[in-house]
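Below is one structure; the comments refer to it alone.
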Amino acid sequence: MKRTLIILLLLALALSLTACGGDGGSKTSSESPSPAESSKTSSDEARSDETIYYSIGEYAKTEHYEVAIVKVTKPTEWKFKPEEGKEYVAVEISVKNISDENGSVKQSEFQYKGEDGKLHGRYPDTYSGFGVEPDTFGAEDIEIGQTFNGTIVYLMPESMKEVELWFRESYTTTPDAAFKFSK
C-alpha cells in the first residue's frame, strides 16, 4: 500500500515538473524581430504571452493590413502652444490593405502607452492644424492592395523619451501590431 502511494506521488511530481518546463531560449519582449520573424502575423503574436515590437521603418503584418511607422518628427508650427511639460509628436504611418476586402483605418486605432500605463491618443488627444506632410487624418478608406500614408499628431509628456505605440484594429484589447521608438 505504501509502495503504491509513493509511486503515485512520484509520478505526480514528475508530471508537475514536466509541465513547469519552458523554453529557456525565448527572446525578451524588447527585442526587434529578425527579418524572418517580420513576416509573421503580429495579431497571432500579440495574443501570445510576449509582444513583438517593431521599429521605425519595419512593417508589421496583421490580419488585414501591413502597418509601419515611416518617421517621427516634432512639429515646429502649430495653432495652439502645447501645455507646459508637454510636446507635440508627429508620427507618419503607412498602412497597406492586404485583405480581400476594402477596408478603413482610423487614427484612433493608433494609441500610445503613457507613463501611467494607460493607452492615449483618441480624440481629443490627437491634433490637426500642423505643417506636416503627409497631412493629419481622422479616418481613411483603403481599397484592396492600396497603401495609405498619413500623420497623427500626439501631445505627449516631454519626460517620455521612449514611445510604445499600438495599432489595435477594431479596438481589440491587445495590440495587433506594436512599435517602440525614441521621439
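Could you pull out every residue, at least 5 positions away or on a different chain, whose amide H is within less than 5 Å of the one on residue 142? Hs are placed 1.01 Å off N in the peptide plane, and Pro or chain starts have none.
103, 104, 105
Among 81/118; 118/161; 71/96; 74/161; 86/118; 86/183, which pairs are too far apart, with a Cα-Cα distance over 19 Å? Could the numbers behind the result be given before it?
Details: 81/118 24 Å; 118/161 16 Å; 71/96 16 Å; 74/161 13 Å; 86/118 17 Å; 86/183 13 Å.
Pairs exceeding 19 Å: 81/118.
Any idea what diffusion coefficient the stretch 69-127 gets from Stokes-Einstein, in µm²/s, Kirkwood Rh on alpha carbon pairs, 10 °C, 1.306 mPa s? Present the calculation step by step, with values, prior to reporting the outcome.
Numbers: Rh = 13.8 Å.
This corresponds to a translational diffusion coefficient of 115 µm²/s.
Each reported figure results from applying straightforward, stated rules to the coordinates on display, with no laboratory input. Everything numeric here is computed off the predicted structure, so don't read it as measured data.
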